[in-house]
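See below for the structure under consideration.
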Amino acid sequence: PIPMVFCETCGWQPLPEDQLPLLLPEVKSYEPTDTGESPLASLTEWVNTTCPRCGGSAKRETDTMPQWAGSSWYFIRYTDPRCDTGIASKEAMKYWLPVDWYNGGMEHTTLHLLYSRFWNQFLYDQGVVPVKEPYKRRTSHGMILGENGEKMSKSRGNVVNPDDVIHEYGADTLRLYEMFIGDFEKPAPWNTSSIRGCSRFLERVFDLQNKLIDGDSYRSDLETLMHQTIKKVSYDIDHLKGNTAIAQLMTLTNRFYDTGSVNQAEYKTFLLLLNPFAPHITEEIWERQAFGGRVTDQSWPLYDEEKTKEDEVEIVIQINGKIRARVMISRDMPKDDVLRFARENEDVAPHLAGKHELKAIYVPGRLVNIVVKA
Ligand SMILES: [Zn+2]
């Protein structure tokens, strides 16, 4: 309830602090009334009170605070939930606020964002909170829609119950699928065949145990992809791109199968990278393989920027600006070697025959352009 009292003589009066908090009365029925008034209005015993100023008869406010009154500043209270001298202690607010990263549903973007900023700025102006803005970073996740692309609702009959999905596929599959379903900020329709795909992916990850071989470092033919995957998954997690991180892990899994094996070093790193998306199965495999400790206690894998680069790159060879060939070359091939290699290419050489070369340009890793005159 709102702790205000109306007196015919004194007008609206706030309840004295020693009467706070004003609690709701225990009642049998709290059905809405026909008059549109709050259910409290019919509880005359509770409504009738005395004026805190003149002691005469007065009535309590019967409207109650909307749920917004709590949801607009709860994150301030979270900094110090047991504080009984204010909404939170100055020290706690100074330590925790503003919120580093605040995420909510897209449907909160207008109202909740507006109200919570309004409350925070009011409290800041009152000298209650130490920060002008409540959050440093605000993101919104898209809504998961029904399979028909409409918002899930009982009346439309398109509600997917997570408990059913967990029962059929397991919690890891649901979690992985939720991260894989699409861009974080965009709405996405539920898709039953995609969730089966996620389930099959996790089965393949589990079955890699049958292809496990010894090895305490990445094999040379997998090294580049390993470092690329660590880099991509690390970046994507920080930027809420779960879908592309998982796609990269799927690519790596396919590569293990193409290779016919996975070694211990590769599998361990792979499990660490997959763990945020599928915590149960990765811990299970880790324990079965006696890799030591728990996945969650391991350090996040590191990558070497140099080792993320492909050894070979594709370049185009142009003559007078016209593309004549595309070839793979070693990334660190010296310029003179690249130009000689380009001139000798079977699709290029005929266009050079009998012509005068004016100049040759090499943009490393991109293209060769040879300018000729007849
Ligand atoms: Zn009064």
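The values are calculated or read from the model by the stated rules, or taken from the named source; none is laboratory data. Only a predicted model underlies this, so the values are computations on that prediction, with no experimental measurement involved. Here the Cβ positions follow ideal geometry from the backbone for every residue, glycine too, while neighbour counts run over all protein chains shown. Protein only, heavy atoms only, side chains kept; ligands, DNA and RNA dropped before computing areas. Shrake-Rupley method; radii C 1.70, N 1.55, O 1.52, S 1.80 Å.
Brief remarks on what is shown
- For the chain, the longest principal axis of the Cα atoms and the long axis of helix 111-125 meet at an angle of about 70 degrees.
- Between Ser234 and Glu31, the FRET efficiency estimated from the beta carbon spacing at R0 = 35 angstrom works out to 0.05.
- In the full protein context, the chain carries 62 Å² of accessible surface per residue, based on a 1.4 Å probe and ignoring ligands, DNA and RNA.
- Equivalent ellipsoid of segment 140-293: semi-axes from √(5λ) of the C-alpha gyration tensor, largest first, are 31, 17, 12 Å.
- Low-density loop positions, trypsin sites (Lys or Arg not before Pro), segment 55-128 - DSSP coil, at most 13 other Cβ in 10 Å: Arg82
- Based on C-alpha pairs under 8 angstrom that are at least 6 apart in sequence, the chain has a relative contact order of 9 percent.
- Of the accessible area of the chain, computed with a 1.4 Å probe over protein heavy atoms only, carbon and sulfur atoms account for 51 percent.
- Where only alpha carbons of the chain are counted, the Rg and the Dmax (Å): 32.7, 113
- For the chain, the longest principal axis of the Cα atoms and the long axis of helix 279-288 meet at an angle of about 60 degrees.
- Helical runs assigned H by DSSP (4 residues or longer) give the chain a calculated mean residue ellipticity at 222 nm of -11000 deg cm²/dmol, each run adding -39500 (n - 2.57) before division by the residue total.
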